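Values quoted throughout were computed directly from the atomic coordinates according to the rules given, and no laboratory measurement underlies them. From a predicted model like this one, the values you see are computed outputs, not experimental measurements. Heads up, the Cβs are rebuilt from the backbone with ideal geometry, glycines too, and the neighbour counts pull from every protein chain shown.
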Amino acid sequence: MSTQELFPAPYSERGDGFVVQAVTHWLRTAPGRVMFGLKAGGLPVALPDRPATVSHRGVEARTDGHVTAVEDVSSVWLREHPEVTSRYVAALRDVLKNPRARLDGYATQVIFTGSVELYAGPAMDAVDFELDDEDGSYERVIELLRHAPRDGRTPFAMPPEPGMGSFEDPLFLAGNQAWIDGNRVLIEYEPDEGGRSETVALDRDALADAIERAWYAMIHVAEEIRTGLARPA
């Protein structure tokens, strides 16, 4: 069950059989040296106060002893409260200027890259769904949902890569596999509780609208963070 990760309306986009939400990843712990620089560990970031309903614990990763921990916060809520983002940037800057900080590629990605999450089905299970502003996946999702033929079935997937054989599965954009079928999107996914794969049929237009709104909320906050960190101290 993923219901504990869902933000309440209006901080998530709710449709018939699905929820889409924009997530900003705050760095809760930055990789660095601890115990007077003698040991790999993590440096805590003094995160601003926010309502419990608009944030939850995210991923925690360890690399060679260094710790990167994430807090997932509603981008829509942050867009409404830019002063909170400003306080987060100030707290993050204090940690990043610490000579014991050891920012790696993953931690850097966390700082500057948010997510658009998709939940679907009767139990609102988390569905694999990754959008990127560099690989064209967001543009591909919107192009297919808006303009794929409505009188046939189209793979909801990235374009075939050069040299890919016709027998190879495409790189689906959601779940295990996904197809646009008329006015619906059919997505096969793995339930959070395990068991057999399930398939959900979602209204393609409603899904496109929800993804667009979530994407622009996430990008707005990401730009605020990027701009704030780029300002001279």
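Observations
- Calculated [222 nm] ellipticity per residue, helices only, for the chain: -9000 deg cm²/dmol; basis is -39500 (n - 2.57) per DSSP H run with n ≥ 4, divided by all residues, nearest 500.
- What the phi angles of segment 93-106 give under the Karplus curve with 6.51, -1.76 and 1.60, with θ = phi - 60°, is a coupling list of 4, 4, 6, 5, 7, 5, x, 8, 5, 10, 5, 10, x, 5 Hz, glycine and proline written as x.
- Scattering from segment 80-196 was approximated by placing one identical point on each alpha carbon and applying the Debye formula without solvent; log10 I(q)/I(0) at 0.18, 0.19, 0.23 1/Å stands at -1.03, -1.08, -1.32.
- The charge dipole of the chain, taken about the Cα centre with unit charges on the Cβ atoms of Lys, Arg (+1) and Asp, Glu (-1), comes to about 1260 debye, rounded to the nearest 20.
- Distance between segment 101-131 and segment 1-61 - C-alpha centres, whole angstrom: 10 Å
- Cα pair distances in segment 69-149, grouped into 5 Å bins until the bin that holds the longest one, percent each: 3, 10, 15, 19, 18, 15, 10, 6, 3, 1, 0, 0
- When you work out D = kT/(6 pi eta Rh) for segment 4-116 at 10 °C and 1.306 mPa s, using the Kirkwood radius from C-alpha pairs as Rh and the Stokes-Einstein form, the result is 107 µm²/s.
- Considering only Gly114, Gly195, Phe36, and ranking their Cα positions along the charge dipole of the chain that arises from unit charges at the beta-carbon of Lys, Arg, Asp and Glu, the one farthest toward the positive end is Phe36.
- Semi-axis lengths (Å, descending) of the ellipsoid that matches the C-alpha gyration tensor of the chain: 35, 19, 17
- GNM top mover of His147, His220, His81 - the chain, alpha-carbon springs below 10 Å: His147
- Restriction of the chymotrypsin sites (Phe, Trp or Tyr not before Pro) in segment 130-233 to DSSP coil positions whose beta-carbon has at most 15 other beta-carbons within 10 angstrom yields Phe167.
- Residue among Gln177, Pro159, Leu96 farthest towards the positive dipole end of segment 81-233, charges placed on Cβ: Leu96
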